[in-house]
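Any read-out appearing in this document is the output of simple, stated calculations on the displayed coordinates, not a laboratory observation. Every value quoted in this text rests on a predicted model; they were computed, and no experiment measured them. Because the Cβ atoms are built from the backbone with ideal geometry, glycine has one as well, and the counts that use them run over all protein chains shown.
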Amino acid sequence: MKLPIKELMFCLVLALVSNAQAKEVAGVKLDETVQASNTTLKLNGAGIRYKVFFKVYVAALYLTEIKTTSEGVFALSGPKKINLTMLRELSSDTLGQAFMDGVKRNTDKAERAKLTDQFLKFGQLFSTVPELNKGDVVSMEWVPNAGTNMYINGKKIGDTFPDIAFFNAVMRIWLGDNPVDIALKNQLLGGTNDHR
């Protein structure tokens with residue numbers, strides 16, 4: 001049975017729109033929007049973190065409005081969120097050490113000294129989860145007047161970190177001057193995605 005041309009065109013447009021809205025990176029389906037403190041955040045960009053040749057995780061950055069520079073992301077006053085979806089098993093010690101190394105590379109000693117207590121608590125968080133499995137999602141969410149919370153698979157772990165400087169120090173792991181992966185930085189800022 002043939003569809004009338006009008007219905008055929010409608011189906012075609014619907015299919016194109018659906019494809020345009022569906023985001024998938026390395027087999028990980030990403031939401032176009034997420035909620036943080038009753039605020040809708042939009043997917044700013046996403047990409048794969050590689051270590052040598054291995055895919056480690058898919059990172060997805062969510063903001064209240066699209067930003068294409070690190071400065072723009074840090075200047076944004078509303079809630080912010082980054083999700084890391086594991087692409088392989090990883091001990092939480094390894095991930096915790098990688099986080100701290102990334103912070104050291106992108107935050108000066110004086111600023112780290114001001115945040116010592118928060119970084120100690122942050123390091124302790126990783127000991128509460130012995131390992132992360134493929135498909136697990138680690139999230140960090142900043143909410144103004146509340147602080148930074150960390151989640152694993154949607155479950156909050158540890159205390160709230162009150163200082164925006166702490167959240168920014170962690171975000172510089174990916175968006176700082178010495179990011180963990182320059183291609184990933186570009187992708188999180190909405191640059192072209194090479195989803196190998």
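A few points about this structure:
- Each of the peptides 64-70, 90-96 was scored by the mean count of other Cβ atoms within 10 Å over its residues; in descending order, highest first, they stand as 90-96, 64-70.
- Surrounding net charge for Met86, when Lys and Arg each add one and Asp and Glu each subtract one, Cβ distance under 13 Å: +2
- Ranked by the mean number of other Cβ atoms within 10 Å of their residues, highest first, the peptides 175-187, 145-157 fall in the order 175-187, 145-157.
- Relative contact order %, the chain, counting alpha carbon pairs below 8 Å whose residues are six or more apart: 22 percent
- For peptides 117-128, 45-56, sequence by mean Cβ density within 10 Å, most packed first: 45-56, 117-128
- Karplus-derived 3J(HN,Hα), 6.51/-1.76/1.60, for each residue of segment 35-46, Hz, glycine and proline x: 9, 9, 6, 6, 10, 7, 9, 9, 5, 7, x, 7
- Rounded to 10°, Cα long-axis angle of helix 5-21 versus longest principal axis of the chain: 10 degrees
- The long axis of helix 116-125 is offset from the longest Cα principal axis of the chain by roughly 60 degrees.
- Nonlocal amide H pairs with Asp136, under 5 Å, H built at 1.01 Å: Met86
- For Thr64, nonlocal amide neighbours, meaning residues 5 or more places apart or on other chains whose placed amide H falls under 5 Å from its own, are Lys42.
- Alpha-carbon centroids, segment 99-149 and segment 45-76: separation in whole Å: 16 Å
- Under 21 Å from the Cα of Lys67 - lysines, other chains or at least 8 residues apart: Lys23, Lys42, Lys80, Lys81, Lys185
- Tilt relative to the chain, helix 92-106 - C-alpha long axis, 0 to 90 degrees, to 10: 80 degrees
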